[in-house]
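Only one structure is covered here, and it is reproduced in the block below.
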């Protein structure tokens, strides 16, 4: 599955979901196709889920809310390991990704 | 005039400053104006800040994020008219004011939201509102952007509302200040 626009790309390889580019869509409705891609990965009952954000240069607050919503859905699968990978070169990730761990203790956050 | 939060301005006439006016013209004001304006201001102000030996990447990102969030709100909730964006930087203190007209009813709902999000610790409120938002499919997540700015970026925010020159609208100015490293 993939959503590619040039400005941003989101795709999955098995249970690894990759995000790339600049995401500043206008709100919950605009983010719905991306949320659906993430939910489809979850629907295949993977053994683990990885969110790879290391190429996502910018994410507005509506997008951060999308990650938060999905993290809350992941709590319904308490035994499934969840890894969120960010980059130290992209400042928003060190600032905002720790909030995901506050929502779900099972999230392993790795900033590379 | 009604004032909320921290509207104090420190930067004076010695600051590096710029005003951008986004006018309604034949092409109209669109979502794209938020990203173009914030990228431009991020470049200009971070370059200026980096001349003092500061971290360009970190400063640029914080400025872009802040300007984008406030402009997204202005574009979403404005009535047709001009949006003005005033920025200044002095010794690492970045100040921003975004002004636009909005409907009186929208302004009054926004005032209630401001009272709520400035009443307690922004970190706790951010998590609470994310939880409430996830539980309600119809929720738009309003306030999350402002709470993210306060909690994750340490932004100091303030608002003032005054009668607009253009009829029944209210002129809203959102003030923000950030300490850049």
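The values are calculated or read from the model by the stated rules, or taken from the named source; none is laboratory data. Not measured: the values here are computed from a predicted model. Cβ coordinates were reconstructed from backbone atoms using ideal geometry, including for glycine residues, and neighbour counts include every protein chain displayed.
Out of all the residues in region A:7-34, which are within 14 Å of another protein chain (Cβ to nearest Cβ) and either out of contact with any strand residue (DSSP E or B) (no Cβ under 7 Å at 6 or more places or on another chain) or free of Cβ contacts under 8 Å to residues at least 12 places away in the same chain (or both)?
A:25, A:26, A:27, A:28, A:29, A:30, A:31, A:32
From the list B:68, B:11, which one is buried (at least 17 other Cβ atoms within 10 Å of the Cβ), part of a loop (DSSP other than H, G, I, E, B) and modelled with pLDDT of 95 or more?
Going through B:68, B:11 in turn, just one is buried (at least 17 other Cβ atoms within 10 Å of the Cβ), part of a loop (DSSP other than H, G, I, E, B) and modelled with pLDDT of 95 or more: B:11.
Before we move on, is residue A:85 part of a strand (DSSP E or B), surrounded by 17 or more Cβ atoms within 10 Å (Cβ to Cβ) and without any contact (Cβ under 8 Å) to a residue 60 or more places away in the chain?
Here the answer is yes, as residue A:85 does meet what is asked.
Residue B:29 - would you say it is surrounded by 15 or more Cβ atoms within 10 Å (Cβ to Cβ), in contact with a strand residue (DSSP E or B) (Cβ under 9 Å, 6 or more places away or on another chain) and in a helix (DSSP H, G or I)?
no
Okay, residues lined up against (1) within 14 Å of another protein chain (Cβ to nearest Cβ); (2) in contact with a helix residue (DSSP H, G or I) (Cβ under 8 Å, 6 or more places away or on another chain):
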position: B:64; (1), (2): yes, yes
position: B:93; (1), (2): no, no
position: B:102; (1), (2): no, yes
position: B:128; (1), (2): yes, no
position: B:146; (1), (2): yes, yes
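Give region A:44-66 a look and list any residue that's at the interface with another protein chain (Cβ under 10 Å from one of its Cβ atoms) and outside any loop (DSSP other than H, G, I, E, B), or say none.
Residues of region A:44-66 at the interface with another protein chain (Cβ under 10 Å from one of its Cβ atoms): A:57-62, A:64-66.
Hits for region A:44-66 are A:57, A:58, A:59, A:61, A:62, A:64, A:65, A:66.
Among the residues that make up region B:78-100, is at least one of them part of a helix (DSSP H, G or I) and touching a residue at least 24 places away in the same chain (Cβ under 8 Å)? Show your work before the answer.
At the first step, the residues of region B:78-100 found to be part of a helix (DSSP H, G or I) are none.
Scanning region B:78-100 turns up no residue that is part of a helix (DSSP H, G or I) and touching a residue at least 24 places away in the same chain (Cβ under 8 Å).
Counting only residues that are at pLDDT below 95 and within 10 Å of chain A (Cβ to nearest Cβ), which one in region B:34-56 is nearest to the chain's Cα centre (by Cα)?
B:34
Just one of (1) within 14 Å of chain A (Cβ to nearest Cβ); (2) under 30 Å from residue A:74 (Cβ atoms) trips up residue B:75, so point out which.
Only one criterion in (1) within 14 Å of chain A (Cβ to nearest Cβ); (2) under 30 Å from residue A:74 (Cβ atoms) is unmet by residue B:75, namely (2).
Select from region A:67-107 the residues that are within 11 Å of the chain's Cα centre (by Cα) and facing another protein chain (nearest Cβ under 7 Å) and list them in ascending order.
Hits for region A:67-107 are A:68, A:69.
Just one of (1) within 29 Å of residue B:27 (Cβ to Cβ); (2) modelled with pLDDT of 95 or more; (3) over 15 Å from the mean Cα position of the chain (by Cα) trips up residue B:80, so point out which.
(2)
So in region B:133-144, with the set limited to residues that are at pLDDT below 90 and assigned to a helix (DSSP H, G or I), which one is farthest from the other protein chains (Cβ to nearest Cβ)?
Looking at the filtered set, the residue picked out is B:135.
Within region B:148-181, track down each residue that is part of a loop (DSSP other than H, G, I, E, B) and either in contact with a helix residue (DSSP H, G or I) (Cβ under 9 Å, 6 or more places away or on another chain) or within 13 Å of another protein chain (Cβ to nearest Cβ) (or both).
Across region B:148-181, the qualifying residues are B:154, B:155, B:168, B:180, B:181.
Is it the case that residue B:119 is within 8 Å of another protein chain (Cβ to nearest Cβ) and either surrounded by 14 or more Cβ atoms within 10 Å (Cβ to Cβ) or at pLDDT below 95 (or both)?
no
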